[in-house]
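**Student:** Next up is a structure, given as structure tokens.
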Amino acid sequence: MTIRPAVTDRRYGVSTHLFHEQRLSRDHLVHIAAHGFDTVELFATKSHVDYHDASVLDRLAEWLADTRLDLHSVHAPVCEAMRGGRWAGSFSNASGDEARRRRAVAEAEAALAIAARIPFRYLVVHLGLPSSEQPAAHDNRPDAARRSVEEIVAAAERVGVKVAVEVIPNALSSAEALVHLIEEQLDGVDVGVCLDYGHANLMGDLAEAVETLSGHLWTTHVHDNGGRRDDHLVPYGGGIDWDAAMMETQKIGYEGALILEVADTGDPVDVLRRSAKARERLEKTFVIF
């Protein structure tokens with residue numbers, strides 16, 4: 001059997017998570033485009049980009065057109081603001097407090113309204129809070145999460161957007177838990193999964209998580225870590241075996257975008273330079289048998 005590198009038209013993008021602590025600017029998008037990426041995921045946090053402000057969205061539409069970047073996805077709001085690397089005013093759509101749950105859903109619906117000005121394909125949604133935020137027991141209730149998914153999907157359908165729930169480090173959001181939710185509790189609800197490779201690596205067997213998501217994987221977050229902290233490193237900067245991870249991804253037939261959700265380690269332009277090199281290495285992992 002001959003194995004050779006695949007020639008693909010796979011798309012690679014960058015999440016504006018890289019600039020999460022700053023107000024998003026045209027220059028940020030210029031840098032992303034200049035490093036050979038063709039699509040972005042917008043991280044909807046009011047301190048980063050005020051998705052409630054129509055004038056802000058109109059400027060964003062102009063910047064995307066100028067840089068010829070496509071808006072692949074929007075990350076639903078997880079907090080009011082980023083301050084000093086920490087979430088301020090977190091949202092939980094799995095809260096047992098109905099007012100708090102409804103607030104999180106309302107913010108997701110506000111982010112969906114971006115589609116009226118800038119079309120995008122996926123809304124990426126956290127269910128509840130990650131373990132790193134030390135959530136109270138009532139913040140990650142499965143029944144509340146299920147209701148929120150149903151409500152957010154209904155709102156998304158009205159604007160032509162699909163919802164992908166993300167693999168994050170909490171009991172609600174392992175690959176296995178998300179597939180169980182979709183297959184057993186959300187009958188008839190059109191929802192998929194965003195595989196966050198870094199998060200899945202923190203939670204156990206990454207290759208097994210990829211295999212578990214076969215048939216449900218709609219979009220991705222690509223980043224690395226050493227297996228202990230959610231570092232959001234550039235791929236190949238941590239401990240993930242990317243050859244194995246991409247082989248499993250190819251085996252389940254995923255041909256969608258790979259979105260790098262990497263952190264600013266002090267020089268975002270250098271992070272993009274290293275991300276572009278990682279993109280070239282990732283592309284070589286896809287093969288034709």
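**Student:** Mind checking which residues of segment 129-143 are open to solvent by less than 40 Å² (accessible area, probe 1.4 Å) and either within 16 Å of Val191 (Cα to Cα) or charged (D, E, K, R) (or both)?
**Tutor:** Asp139
**Student:** Turning to a different aspect of this structure: Given the conditions (1) open to solvent by 60 Å² or more (accessible area, probe 1.4 Å); (2) within 23 Å of Arg121 (Cβ to Cβ), which single one is not true for Asp243?
**Tutor:** Evaluating Asp243 over (1) open to solvent by 60 Å² or more (accessible area, probe 1.4 Å); (2) within 23 Å of Arg121 (Cβ to Cβ) leaves (2) as the failure.
**Student:** Right, another one. Output the qualifying pairs, or none if there are none: Cβ atoms under 6 angstrom, residues six or more apart or on different chains, first residue in segment 70-83 and surrounded by fewer than 24 Cβ atoms within 10 Å (Cβ to Cβ), second residue at pLDDT below 95 and polar (S, T, N, Q).
**Tutor:** So the pair list comes out as Cys79/Ser90.
**Student:** Kindly evaluate Ala154 against the criterion of being buried (at least 17 other Cβ atoms within 10 Å of the Cβ) and part of a helix (DSSP H, G or I).
**Tutor:** It is false that Ala154 is buried (at least 17 other Cβ atoms within 10 Å of the Cβ) and part of a helix (DSSP H, G or I).
**Student:** Give all pairs with beta carbons closer than 6 Å in which a residue from segment 136-148 that is at pLDDT 95 or above meets a residue that is of a type in the set (D, E, K, R) and open to solvent by less than 10 Å² (accessible area, probe 1.4 Å); count only pairs at least 6 apart in sequence or on separate chains.
**Tutor:** Short answer, once both residue conditions are applied: Ala144/Arg101.
**Student:** Also: For segment 256-289, which residues satisfy the criterion of being open to solvent by 20 Å² or more (accessible area, probe 1.4 Å), small (Gly, Ala, Ser) and over 19 Å from Val210 (Cα atoms)?
**Tutor:** The answer is Ala263, Gly266.
**Student:** Among the candidates Ala110, Ala33, Ala94, which residue alone is open to solvent by less than 40 Å² (accessible area, probe 1.4 Å), part of a loop (DSSP other than H, G, I, E, B) and at pLDDT 95 or above?
**Tutor:** Ala94
**Student:** In addition: Could you tell me how many of the residues in segment 97-107 are exposed (fewer than 15 other Cβ atoms within 10 Å of the Cβ), aliphatic (A, V, I, L, M) and either assigned to a loop (DSSP other than H, G, I, E, B) or in contact with a Phe, Trp or Tyr (Cβ under 7 Å, 6 or more places away or on another chain) (or both)?
**Tutor:** Looking only at that region, the number is 0.
**Student:** Being under 23 Å from Glu41 (Cα atoms) and part of a helix (DSSP H, G or I) is the filter here; which residues of segment 157-195 pass it?
**Tutor:** Passing the criteria: Glu157, Arg158, Ala175, Leu178.
Every residue, every condition in (1) open to solvent by less than 40 Å² (accessible area, probe 1.4 Å); (2) in a helix (DSSP H, G or I); (3) closer than 24 Å to Gly84 by Cα, yes or no:
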site: Gly215; (1), (2), (3): no, no, no
site: Thr219; (1), (2), (3): yes, no, no
site: Arg229; (1), (2), (3): no, no, yes
site: Met247; (1), (2), (3): no, yes, no
site: Tyr254; (1), (2), (3): yes, no, no
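**Student:** Take Gly204 and tell me if it is surrounded by fewer than 21 Cβ atoms within 10 Å (Cβ to Cβ) and without any contact (Cβ under 8 Å) to a residue 60 or more places away in the chain. Break it down into steps so the answer makes sense when it comes.
**Tutor:** Numbers: surrounded by fewer than 21 Cβ atoms within 10 Å (Cβ to Cβ): yes; without any contact (Cβ under 8 Å) to a residue 60 or more places away in the chain: yes.
Spelling it out, Gly204 is indeed surrounded by fewer than 21 Cβ atoms within 10 Å (Cβ to Cβ) and without any contact (Cβ under 8 Å) to a residue 60 or more places away in the chain.
**Student:** Pairs under 8 Å by beta carbon, first residue under 19 Å from Asp27 (Cβ atoms) in segment 251-275, partner basic (Lys, Arg) and surrounded by 15 or more Cβ atoms within 10 Å (Cβ to Cβ), six or more apart or different chains?
**Tutor:** Within 8 Å, the pairs are Leu260/Arg279.
**Student:** Criterion first (open to solvent by 40 Å² or more (accessible area, probe 1.4 Å) and part of a strand (DSSP E or B)) does Glu62 satisfy it?
**Tutor:** Working: open to solvent by 40 Å² or more (accessible area, probe 1.4 Å): yes; part of a strand (DSSP E or B): no.
Spelling it out, it is not the case that Glu62 is open to solvent by 40 Å² or more (accessible area, probe 1.4 Å) and part of a strand (DSSP E or B).
The values are calculated or read from the model by the stated rules, or taken from the named source; none is laboratory data. The model shown is predicted, which means the values in this text are computed figures rather than measured ones. We place every Cβ from the backbone using ideal geometry, glycine too, and count neighbours over all the protein chains shown. We work out accessible area using only protein heavy atoms, side chains counted, and drop any ligands, DNA or RNA first. Shrake-Rupley method; radii C 1.70, N 1.55, O 1.52, S 1.80 Å.
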